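Asks: First, the structure itself, so that you have it in front of you.
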Amino acid sequence: MHGKKKDETAEVVERLNEDVKELVKKFEEDVGRARSIQQALIPQRFSQVHGLKVMHKYLSGLKSGGDYLDFFEFGDKAHIGILMSDSSGYGLSSAFLSVILRIAMKLTKDEARSPSQTIAKVFEELQLTMKPTEHLSIFYGIFNRKTFALSFTGAGSIRFLVQSGAGGVESSISDFSMHPVPLEKNKSVRLTDNEVTIHPGDRIVVMSDGFYEPFGGDETLKKTLAQSFGEEPLAFINECAYHVKKTFEPGEDMPAQDCSVMVIDVEKRAMRLAQAK
């Protein structure tokens, strides 16, 4: 009898192991599909705008969740939108992308509105399906090519820096990163519009924590920015990727979480658009 019970127990354990393997396989497939969709929605390169040079890099991570970034021109050709988000889970990431895609045409065709009002509207829709454990970090800026003013809002871990000066160690770096608390269901975060004047020769950097954290702090990040200022944006982006890859364990080829960085250089000869009469 004891032998029969042992055999039955072994069969149950074996079936459970097979069920677990099947669940893991399904989970990996689902994550793979979600990651593929995420990657497909982020352009390999953004359309260039006269007077601006934009480059970006996105690395897909292992952790559930996802970054999204966009750089787009409004219909009036006078305003540029800069967007970056970091979702805590694929469910929230999918919901966010759904809302953004739904209002994308409205964003590009309508007159540029307040960044905080736009994000507040997006957040209002997200809360309908958002789980209490989920959170969203976001940065949204609108660059006015007539006045060179960049109005922006944000919440959470997205970093926003503006670099200016003669280059190298002579450059100055201003950190305009927003409210450190991310957007969460039923929790109030006061989104406000802020403004900074951008000058010809300035560099705008927006990055998610996936790229920021491997630097180990502001000192190393700002030192790297200073060293690469005056060079092509790709030089700094490659340094970001290098710091991420240093964190890999042997055999790993993906970061723990999504990594996003966008670098926008305002050309030194960039001219303001003619003021509307």
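Asks: Just list whichever of 121/185; 146/222; 63/187 have alpha carbons separated by over 19 Å in the model shown.
Replies: 146/222; 63/187
Asks: Let me ask something else about it. Cut-off is 10 Å between beta-carbons; in what order do 86, 265, 175 appear when sorted fewest neighbours first?
Replies: 175, 265, 86
Asks: Still on this model: From Cα pairs below 8 angstrom and at least 6 apart in sequence, can you work out the relative contact order of segment 42-266, rounded to a whole percent?
Replies: 26 percent
Asks: Could I ask something else about it? Please give, to one decimal in nm, the separation of the simple spin-label points placed at residue 48 and residue 121, each 7 Å out from Cα toward the Cβ.
Replies: Using points 7 Å along Cα→Cβ, the separation is 3.3 nm.
Asks: Now for a separate question. Just from the alpha-carbon atoms, what are the Rg and Dmax of segment 42-266 in angstroms?
Replies: 16.9, 50
Asks: Additional query: Which FRET efficiency value, to the nearest 0.05, is calculated for residue 253 and residue 220 with the Förster distance at 22 angstrom and r the Cβ-Cβ distance?
Replies: Calculated transfer efficiency: 0.40.
Asks: While we're here: May I ask what percent, to the nearest 5, of DSSP beta bridges between residues of segment 42-266 are antiparallel?
Replies: So the antiparallel bridges in segment 42-266 amount to around 100 percent.
Asks: Please list 196-205, 47-56 highest first by mean number of surrounding beta-carbon atoms within 10 Å per residue.
Replies: Answer by packing, highest mean first, reads 196-205, 47-56.
None of the figures in this text is laboratory data; all of them are computed from the coordinates on show. Given the structure is predicted, the values throughout are model-derived calculations rather than measurements. Because the Cβ atoms are built from the backbone with ideal geometry, glycine has one as well, and the counts that use them run over all protein chains shown.
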